[in-house]
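The values are calculated or read from the model by the stated rules, or taken from the named source; none is laboratory data. Keep in mind that what you see is a predicted model, and the values were worked out from it rather than measured. For neighbour counting, all protein chains shown are included, and Cβ atoms are generated from backbone atoms with ideal geometry for every residue, glycine included. Quick note on the areas: whole protein, heavy atoms, side chains included, nothing else; ligands and nucleic acids left out. Shrake-Rupley method; radii C 1.70, N 1.55, O 1.52, S 1.80 Å.
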Amino acid sequence: MADHTALTSPLLPSDHLILTVDSDSSSASSTATATVSPISNPFATLGFSGGELTVPPGITVDPFQNNKAGINGVYEWVKTIVCIPLALVRLVIFGLCLAIGYVATKLALYRWRDKENPMPRWRSGIMWVTRIAARFILFSFGYHWIKRKGKPAPREVAPIIVSNHVSYIEPIFYFYELFATIVASESHDSIPFVGTIIRAMQVIYVNRFSPSSRKQAVREIKRRASCDRFPRVLLFPEGTTTNGRNLISFQLGAFIPGYPIQPIIVRYPHVHFDQSWGNVSLGQLMFRMFTQFHNFFEVEYLPVISPLDDKETAVHFRKRTSHAIATALNTVQTGHSYGDIMLHMRAQEAKQENPSGFMVEMAKVESLFHISSLEAVDFLDKFLAMNPDPSSGHVQYRGFLSVLRLRACPLAEKIFAFIDVEKCGKITFKQFLYGSAHVMKQPGFCQACEIAFAECGGAVKGYIVEEEFRDSIQSALLSWNEDEVHRLFLLFDEDKDEKVYKEDFLSCLRRNPLLIALFTPQPELKESCGNGVLEIV
């Protein structure tokens with residue numbers, strides 16, 4: 001006879017779940033404990049081609065972190081105190097030069113409203129006053145001399161230039177050196193004094209969150225680059241400043257037009273004071289620059305990079321250019337983007353001790369799942385509502401359930417286990433984002449949302465009520481009481497009118513894609529009465 005006690009592996013396949021329930025039938029309120037075996041993917045019916053969810057490990061590099069902006073050490077404190085009188089003089093020079101440049105720019109722009117054609121030569125001649133003032137502004141910040149390597153290519157050879165972006169110093173330098181047309185955020189137009197000077201550079205404004213604005217900016221870049229009467233076009237393809245020790249992902253705007261590009265790199269050699277903008281306030285950075293004897297700044301013009309042929313894609317052109325810049329800087333390029341700064345700032349506002357841990361290399365996420373930065377921030381808001389641990393940033397099972405309006409049940413455990421790729425009983429924001437985005441990316445997600453609304457009764461009258469909602473999900477949520485179903489219904493019924501229309505229903509599932517598991521076929525529950533065993537097949 002076989003020894004049954006020697007069995008160490010389950011006889012059921014992995015899509016079976018055995019719950020052993022111990023209950024006290026004599027008690028009015030019985031308690032139950034469950035031992036859960038490995039469970040299946042609750043989203044398998046959406047068209048998953050692989051097995052379990054995979055989430056890349058978090059990257060340890062923070063390309064935005066400034067580690068030496070504070071005053072540390074005796075030498076720095078003594079130098080700062082000694083340089084305070086010098087800082088006051090520099091502040092006066094800065095203010096005077098800014099005022100002179102502003103007045104000259106106003107004269108150059110006087111009664112000029114033409115934004116379609118190049119600035120006339122006599123107006124550009126007046127702007128030389130502002131350009132000289134810009135050089136004195138650099139001098140006031142401690143950049144007494146600037147080391148250059150290489151030379152800028154003629155405008156007819158390279159009508160577009162791109163540069164890494166470390167501080168607010170580069171735009172001032174390029175304005176003085178090249179007087180190029182820049183591509184900038186629309187918000188820069190409202191900056192006092194600076195906004196006027198930017199307009200004189202015939203800036204190309206872009207709203208980074210508007211696809212139509214980005215397309216229009218690309219068309220304008222191509223138009224300016226094709227006309228020799230316009231200045232060359234300057235872009236910072238990273239879209240934001242970094243600490244200069246790493247490159248982040250490049251945007252495509254500079255590479256879509258298909259014109260030759262001259263890459264330029266900037267360096268800020270330092271020992272005690274990191275001049276990168278990073279996570280430092282503008283006032284603090286300016287004060288530290290004013291209180292240095294000298295700040296080092298190096299510019300290197302790299303060889304022009306031309307498209308290989310008409311068939312080269314903008315993506316490949318971008319890759320060759322970013323590789324040339326990364327090689328010259330002797331650094332690596334990460335998948336971060338401006339979206340990671342948005343995530344960092346939101347985590348910082350939520351008093352998380354390690355906000356850098358909430359960055360997910362947003363450029364990679366956008367490429368994989370077509371999730372925008374604004375959508376990622378919405379997912380982060382939901383994750384922060386789950387009350388993550390301030391020090392580790394992890395969310396426990398209970399916090400996960402509370403925000404999704406779920407109660408502990410076999411299906412909820414399956415949903416959580418799907419995201420908990422490390423099987424440690426807690427999840428990170430990256431796992432939550434990847435899991436949610438992965439579900440939305442499945443080929444059957446949109447159709448499943450449409451079918452769910454129809455099966456809830458919405459196909460007939462265009463909306464569903466709570467009773468229909470409860471009847472539709474009762475098979476997935478066994479033993480839920482009316483209050484628990486009502487709380488979940490309110491997640492869909494945002495306007496509290498006791499009706500959920502199709503647009504609201506689909507919108508809620510896009511914001512909470514994991515809840516689609518409530519409306520998709522799941523393994524059937526079979527209960528053997530009297531022996532305390534619940535089997536999920």
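Can you list residue pairs whose Cβ atoms sit under 9 Å apart, with the first residue in segment 80-100 being among the β-branched types (V, I, T) and the second being open to solvent by less than 60 Å² (accessible area, probe 1.4 Å) and not in a helix (DSSP H, G or I)? Count only pairs 6 or more apart in sequence or on different chains.
What qualifies is T80/I71; T80/T291; T80/Q292; I81/T291; V82/T291; I84/T291.
In segment 154-176, how many are open to solvent by 10 Å² or more (accessible area, probe 1.4 Å) and either among the polar types (S, T, N, Q) or not in a helix (DSSP H, G or I) (or both)?
Of the residues in that region, 6 qualify.
Of the residues S337, S322, which is of a type in the set (S, T, N, Q), in contact with a Ser or Thr (Cβ under 7 Å, 6 or more places away or on another chain), crowded, with 19+ Cβ neighbours inside 10 Å and modelled with pLDDT of 90 or more?
Testing whether each residue is of a type in the set (S, T, N, Q), in contact with a Ser or Thr (Cβ under 7 Å, 6 or more places away or on another chain), crowded, with 19+ Cβ neighbours inside 10 Å and modelled with pLDDT of 90 or more leaves just S337.
Sort out which residues of segment 479-504 are among the basic types (K, R) and on the phi > 0 side of the Ramachandran plot, and write them in order of number.
Taking segment 479-504 as the starting set, the residues that turn out to be among the basic types (K, R) are 487, 496, 499, 502.
Residue satisfying the conditions is K496 alone.
State which residue is least open to solvent (accessible area, probe 1.4 Å) when the search covers only segment 177-193 and only residues that are of a type outside the set (G, A, S) and closer than 25 Å to R155 by Cβ.
Of everything passing the filter in segment 177-193, T181 is least open to solvent (accessible area, probe 1.4 Å).
Within segment 380-402, can one find any residue that is touching a residue at least 60 places away in the same chain (Cβ under 8 Å), open to solvent by 10 Å² or more (accessible area, probe 1.4 Å) and either more than 25 Å from T520 (Cα to Cα) or assigned to a loop (DSSP other than H, G, I, E, B) (or both)?
no
I197: farther than 25 Å from P303 by Cα, surrounded by 22 or more Cβ atoms within 10 Å (Cβ to Cβ) and under 31 Å from the mean Cα position of the chain (by Cα), yes or no?
yes
For segment 177-208, how many residues meet the condition of being free of Cβ contacts under 8 Å to residues at least 12 places away in the same chain, part of a helix (DSSP H, G or I) and among the β-branched types (V, I, T)?
Of the residues in segment 177-208, 1 are free of Cβ contacts under 8 Å to residues at least 12 places away in the same chain, part of a helix (DSSP H, G or I) and among the β-branched types (V, I, T).
What helices (runs of 4 or more DSSP H) completely inside segment 73-143 contain at least 3 residues that are within 20 Å of H270 (Cβ to Cβ) and of a type in the set (D, E)?
none
Considering only segment 157-177, state which residues are out of contact with any Ser or Thr (no Cβ under 8 Å at 6 or more places or on another chain) and closer than 15 Å to A254 by Cβ.
A158, I160, I161, S163
Which is open to solvent by 10 Å² or more (accessible area, probe 1.4 Å), at negative phi and out of contact with any His (no Cβ under 7 Å at 6 or more places or on another chain), of P263, P211?
Going through P263, P211 in turn, the sole match is P211.
Considering only helices (runs of 4 or more DSSP H) fully contained in segment 418-501, which possess at least 3 residues that are among the aromatic types (F, W, Y) and open to solvent by 80 Å² or more (accessible area, probe 1.4 Å)?
Fully inside segment 418-501 and qualifying: nothing.
Any residue in segment 57-77 that's over 26 Å from V421 (Cβ atoms) and in contact (Cβ under 8 Å) with a residue 40 or more places away in the chain: show its pairings with residues that are open to solvent by 40 Å² or more (accessible area, probe 1.4 Å) and in a helix (DSSP H, G or I) at Cβ separation under 8 Å, as long as the two are six or more apart or on different chains.
Going by the 8 Å Cβ cut-off, the qualifying pairs are A69/Q284; I71/W77.
Among the residues of segment 40-76, what is the count of those that are under 20 Å from S276 (Cα atoms) and at pLDDT 85 or above? Walk me through how you get there before you give the answer.
Our first condition is that a residue be under 20 Å from S276 (Cα atoms); within segment 40-76, this holds for 60-73, 76.
Keeping just the survivors that are at pLDDT 85 or above gives 62-65, 76.
The qualifying residues number 5.
Out of everything in segment 280-298 that is within 21 Å of I265 (Cα to Cα) and open to solvent by 30 Å² or more (accessible area, probe 1.4 Å), what residue ends up being nearest to the chain's Cα centre (by Cα)?
So, considering only residues that are within 21 Å of I265 (Cα to Cα) and open to solvent by 30 Å² or more (accessible area, probe 1.4 Å), the one nearest to the chain's Cα centre (by Cα) is E298.
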